Amino acid sequence: MARLANPPYPGFRDSLKLDAPLAVQIQTRPGFFPFSKFSSVPLAITAARQAESDSGGNDAFKRLMIVPNCHVKQLRIRNYTLATGANVQEVDGIDTGDGFVDSSGSVAGNANRRPVVVLAMGAIESARLALVSVGGVPNANQIGANLMVHLRKNVSFTAPLPSGLALSGQELSALLVRCRASLPNGTPFHFHCQITASALPTGSGGGRSDALLFQSVPDLDDVRLFSETAPGEVDVSIRAVGEMLPNLQNNAVTVPLQPADNDEFGIPRASVSVVRSATDLQVMNVMNTVIDAVAQQVFGKQVIAANSPPDGLGTTYHESGTLRIGDDPTRSVANADGRFHYVTNLYAGDASVLPTCGSANPVMNGIALRRRLAKRLVPEGDGIGNPQSGRPIRPFYQPPMPAQPPAQGTVIPLFNGQTLGNWRMAGRGTFHLIDGALQSVPSFDLGLFWCTIPLPQNFRLELEFFTRLFQTNSGVFIRFKNPESTGYYNPAWSAVFIPAMSAAPAGFEIQIDNTGAPDGAAKHRTGAVYAVNYPGDPNPDPAIPPATPGDFVNPQNAQVLAWNQYRIEVQGDVITVNLNGVDTCRYTNPDPNRGRFSLTEPTFVGLQAYSNYTYTTAFRNIRITVL
Ligand SMILES: Cc1cc2nc3c(=O)[nH]c(=O)nc-3n(C[C@H](O)[C@H](O)[C@H](O)COP(=O)(O)OP(=O)(O)OC[C@H]3O[C@@H](n4cnc5c(N)ncnc54)[C@H](O)[C@@H]3O)c2cc1C
């Protein structure tokens with residue numbers, strides 16, 4: 001409690017919440033080895049059976065299929081041209097040891113729907129496949145870099161049990177102690193001690209408690225030993241596991257092409273380099289000191305951990321980091337979702353995405369990220385229309401409102417052309433940071449790329465946008481609530497006003513569509529606050545409030561293959577829009593629920609990826625000025 005009241009470093013409380021556990025529930029008793037530990041086959045069989053029964057026997061509806069003994073050799077790629085003319089790559093086929101899987105066609109009969117590929121072959125093999133398949137991307141030098149493993153040391157000893165305990169049965173126990181320290185240069189690092197202790201008959205020899213907990217399959221002799229012998233000593237193993245800090249110069253997976261060294265499928269093998277750095281030695285020294293102190297203070301035993309050799313690098317089988325995620329495409333391989341920055345439908349879904357490894361085994365962190373990715377890729381319900389699920393939803397992340405509202409005149413950059421920091425994707429489609437702009441690859445349903453910086457009450461939003469086609473449909477959303485908090489199947493839709501649904505999460509869209517689909521009406525065209533009632537509308541929408549006198553809509557065509565300037569002002573209830581210097585609308589919001597500023601629940605700006613694969617749109621220079 002004292003630590004909580006007086007945190008030793010910024011973010012201490014959050015770090016406690018985020019630390020992955022080391023163990024999960026198993027179905028055997030402590031000390032008895034779980035037979036499912038080294039195989040995911042039982043889980044895979046259960047999942048495959050579930051998918052079969054859910055599909056009603058129709059393979060086309062299966063959410064999961066397992067293809068056994070199928071070796072993936074390489075991915076085939078093609079180019080997708082973004083709004084500014086820059087390219088991203090797209091996987092459109094998978095070459096396997098059992099033949100080629102062509103995924104260039106439409107999915108479920110929908111040409112806007114693209115297949116998605118997730119690499120989860122382990123940090124080394126995933127990096128190899130990425131290098132041999134998408135090695136031409138601008139940040140290819142990041143692929144395979146940052147290989148991390150764990151630093152590990154085991155020290156075992158026996159200690160007499162305190163007399164008078166009168167134990168009659170054997171016990172096995174384990175304790176985890178998490179630690180954080182700083183290198184001499186101030187860099188923080190993490191390590192932990194797994195302390196296992198097993199009671200033993202006096203003189204029967206030590207060094208077994210770790211094996212009993214983690215490795216051995218108990219047999220009848222073990223059980224007899226446990227049940228028949230009165231314990232006299234405690235057998236202790238202290239295992240220290242430390243974080244390997246990124247060592248980009250030396251630790252990497254590469255695919256050298258010369259001299260040629262191909263595998264049995266004719267694909268170049270990976271070359272793995274991992275060495276101990278000076279930093280690793282410093283971490284090891286700290287761990288030695290802690291092991292010595294625990295042995296002395298807890299068990300009254302003097303040990304010198306420095307005299308025991310560390311485990312070999314890589315013997316933890318905890319490889320990670322080779323496809324690390326980050327907001328800056330020049331310093332990472334994939335974005336926060338695990339999607340390759342320059343490949344629109346390729347994701348990494350294993351421990352390769354970790355930018356740092358912490359000290360815990362990578363599995364739990366990996367599973368947490370995989371669950372998050374699964375939710376992004378396969379929203380429950382998977383459809384247009386998007387009824388609310390009815391389940392209470394707690395947002396994964398709710399940006400806090402600023403303690404003090406920003407002063408009038410403050411300019412807040414939302415996108416600076418260099419990093420994806422503060423931006424998150426909701427719904428379908430993807431956005432890529434290329435040419436200093438955020439550029440969309442739309443998919444089969446609505447997508448919303450939203451900025452997590454809360455909007456002030458009154459503001460001027462300025463941005464530029466660029467399209468390739470006259471009929472491109474896109475838009476800019478303002479004053480909607482956190483899409484992750486609304487319970488929609490496709491969270492992007494929660495920013496949109498839908499009759500018969502709660503208006504509270506919805507905001508307003510400033511339209512980009514020169515054709516004004518579906519009817520060419522002014523309220524559907526570029527420059528309009530989209531689909532609201534303006535004075536003089538021949539077909540007003542009865543589902544939304546009537547027009548306010550004095551409002552107007554004066555749509556303009558956006559320039560194609562050129563940057564356009566939007567200036568969107570929100571003052572109280574009134575939204576005004578200016579496109580390329582022309583006032584295109586004024587709209588007064590009479591709805592007490594929709595698009596409302598709140599001091600407690602933030603509202604945001606978002607960019608639309610419309611449900612048409614060809615409608616790529618670029619946005620840049622996005623900033624707000626507090627009014
Ligand atoms: C002996 C041992 C004990 C461990 N104990 C623990 C522990 O107690 N706790 C813990 O958290 N972690 C433990 N680990 C680590 C943990 O198992 C790994 O970190 C984890 O499995 C990595 O998951 P992954 O999905 O990235 O890769 P993997 O689990 O290795 O899965 C990759 C899959 O991809 C397949 N694959 C690879 N290449 C291809 C290809 N070209 N084509 C098709 N398929 C391919 C592989 O066959 C494999 O099924 C242990 C590891 C080992 C080896």
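Only the coordinates and a few stated rules stand behind these numbers; no lab work does. What you see is a predicted model, and the numbers here were worked out from it, not measured in a lab. We place every Cβ from the backbone using ideal geometry, glycine too, and count neighbours over all the protein chains shown.
So here's what we get for this one:
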item	result
Dipole-positive endmost among Val234, Phe459, Thr279 within the chain (Cβ charges, Cα centre)	Phe459
Gyration tensor (alpha-carbon) shape descriptor, the stretch 388-626, a/c threshold 1.5	rounded
Dipole magnitude of the chain, debye to nearest 20 (Cβ charges: Lys/Arg +1, Asp/Glu -1, about Cα centre)	780 debye
Gyration tensor verdict on the stretch 149-307 (Cα atoms; rounded if a/c is under 1.5, prolate if a/b is larger than b/c, oblate otherwise)	oblate
Mean Cα-pair separation over length for the chain, i.e. relative contact order, pairs under 8 Å, 6 or more apart, %	14 percent
Highest-first arrangement of 553-566, 59-72, 175-188, where packing means the average Cβ count within 10 Å	553-566, 175-188, 59-72
Contour excess over end-to-end distance, with Cα ends at Glu264 and Ala2 and 0.36 nm allotted per residue	88.4 nm
Descending Cα extents along the principal axes, the stretch 48-171, whole Å	78, 46, 30
Distance (nanometres) between label positions extended 7 Å along Cα→Cβ at Val132 and Leu64	2.8 nm
The stretch 453-485 residues near the modelled Thr614 label - backbone nitrogen below 19 Å, point 7 Å along Cα→Cβ	466-475
Count, lysine Cα pairs under 23 Å in the chain, 8 or more residues apart or across chains	5
Kyte-Doolittle at least -1.0, axis length at least 18 Å by Cα - qualifying DSSP helices, the chain	41-54, 278-299, 362-377
For the stretch 36-142: relative contact order, % (alpha-carbon pairs under 8 angstrom, 6 or more apart)	17 percent
Label point distance in nm, Ala517-Val298, each placed 7 Å from Cα along Cα→Cβ	6.3 nm
Normalised alpha carbon radius of gyration of the chain [divisor 2.2 N^0.38 Å]	1.14
Cα-projected label distance for Ser173 with Asp435, points at 7 Å along beta-carbon direction, nm	6.6 nm
For peptides 287-294, 410-417, sequence by mean Cβ density within 10 Å, most packed first	287-294, 410-417
Nearest-0.05 FRET efficiency for Ala230 and Ala503, computed from C-beta distance (R0 60 Å)	0.25
The stretch 449-579 - Debye-derived log10 I(q)/I(0), Cα point model, q = 0.15, 0.17, 0.20, 0.22 Å⁻¹	-0.77, -1.00, -1.36, -1.53
